[in-house]
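Laboratory data are not the source of any read-out in this text; all were calculated from the coordinates shown. Because the structure is a prediction, the values reported are computed rather than measured. Glycine gets a Cβ as well: all are built from the backbone with ideal geometry, and neighbour counts include every protein chain shown.
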Amino acid sequence: DVAKASGPFVPTKDDYQKVYDEIARLLVEKDDYDDGSYGPVLVRLAWHASGTYDKETGTGGSNGATMRFAPESEHGANAGLKTARDFLEPVKAKFPWITYSDLWTLAGVTAIQELQGPAIPWRPGRQDRDVSACTPDGRLPDADKDHKHIRGIFGRMGFDDREIVALIGAHSLGRAHADRSGYDGPWDFSPTVFTNEFFRLLVEEKWAWKKWSGPDQYTDKTTKTLMMLPADLALIKDKEFKKHVDRYAKDSEVFFKEFSDAFVKLLELGVPFTTDERWVLKATS
Ligand code: CCH
């Protein structure tokens with residue numbers, strides 16, 4: 001069948017597994033960064049690419065990868081994410097058939113699975129769009145705001161309280177950087193391992209205002225080495241949010257399951273998929 005042999009390349013699950021494996025390999029190879037992994041910043045890239053979604057207008061979301069372009073790349077919330085986009089350039093060069101929008105979301109999935117988090121079923125189908133699809137500034141949450149702001153921002157994407165709390169549990173990974181957001185420090189003692197520690201510490205530690213010249217953030221009274229954002233503390237100040245914090249602090253399995261479901265939904269907001277089938281790509285260990 002000559003036509004088929006010379007037709008356009010249609011990648012299979014195996015081809016996407018190869019992309020996954022290459023990202024996983026680079027995560028191990030390039031361990032001289034932050035706490036030893038680019039994984040957390042890749043998760044943040046996938047989230048900021050997707051979290052611009054507006055359910056009313058159907059604009060934003062991971063379809064398009066418009067953060068490649070200014071003005072979106074210059075939005076304050078996206079400071080530091082060039083690091084993640086640059087990390088993925090060699091992967092895009094090696095597998096030029098994958099769209100940036102599929103690559104960025106797949107990288108978030110890879111990072112969570114490789115950092116010992118839950119399996120995240122994923123499917124391809126996103127198309128890159130041009131600069132005209134850039135979203136306006138202000139669609140991502142502000143760290144200095146309260147429960148009303150968080151509920152409003154995530155509600156615009158279509159998430160309920162349970163999903164909002166689960167998603168923010170990704171703060172078990174990584175850290176804040178003074179030269180990016182102005183905030184500084186990790187949320188827990190194992191920033192390169194996906195756990196429910198963020199929730200356990202939120203409820204079990206005592207959090208006090210950090211005394212410093214930077215933006216208002218909390219520090220743990222015991223070691224003074226951890227941090228929480230005002231928006232993180234909103235999760236225990238609001239009764240409805242706190243219910244879920246308590247559940248996740250107690251039960252890591254429940255958190256893993258509900259995080260996975262919410263993260264799948266996040267990465268798919270606004271994407272006109274042509275297939276219902278999702279794959280769990282194989283983790284390397
Ligand atoms: Fe986040 N996040 N995030 N976050 N975030 C920051 C870092 C990470 C907020 C603010 C910040 C989610 C929700 C929220 C990650 C994943 C998710 C930083 C520090 C701020 C500020 C940035 C810096 O300085 O580098 C706020 C506010 C909210 C909601 O109200 C959600 C949802 C997710 C994913 C599902 C990850 C991972 C990081 C660490 C990045 C790194 O570079 O280590």
### Task
Compare the peptides 14-20, 105-111 by average per-residue count of other Cβ atoms within 10 angstrom and give them in order, highest first.
105-111, 14-20
### Message
Under 8 Å for C-alpha pairs, at least 6 residues apart: give me the relative contact order for the stretch 213-285, rounded to a whole percent.
### Response
12 percent
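The chain: percent of C-alpha pairs farther apart than 25 Å?
45 percent
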#### Entry: Sum of -39500 (n - 2.57) over DSSP H runs of 4+, divided by residues of the chain (222 nm, nearest 500)
-13500 deg cm²/dmol
### Task
Output the relative contact order of the chain, whole-number percent, from Cα pairs under 8 angstrom with separation of 6+ residues.
24 percent
### Normalised contact order of the stretch 133-272, rounded percent, pairs of Cα under 8 Å and 6 or more residues apart
26 percent
## Note on the structure
Gyration tensor on Cα atoms of the stretch 1-70, a ≥ b ≥ c root eigenvalues, a/c under 1.5 rounded, else prolate if a/b beats b/c, else oblate, says oblate
### Query
Relative to the first principal axis of the alpha-carbon coordinates of the chain, what is the inclination of helix 39-50, with its axis defined by its Cα atoms, in degrees from 0 to 90 and to the nearest 10?
80 degrees
### Query
Among 139-148, 171-180, what's the highest-first ranking by average C-beta atoms within 10 angstrom per residue?
171-180, 139-148
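Provide the packing ranking of 39-45, 152-158, i.e. peptides ordered by the mean count of other C-beta atoms within 10 Å per residue, highest first. Before the final figure, lay out each step's value.
On the way: 39-45: 26.9, 152-158: 16.9.
Ranked from most to least packed, the peptides come out as 39-45, 152-158.
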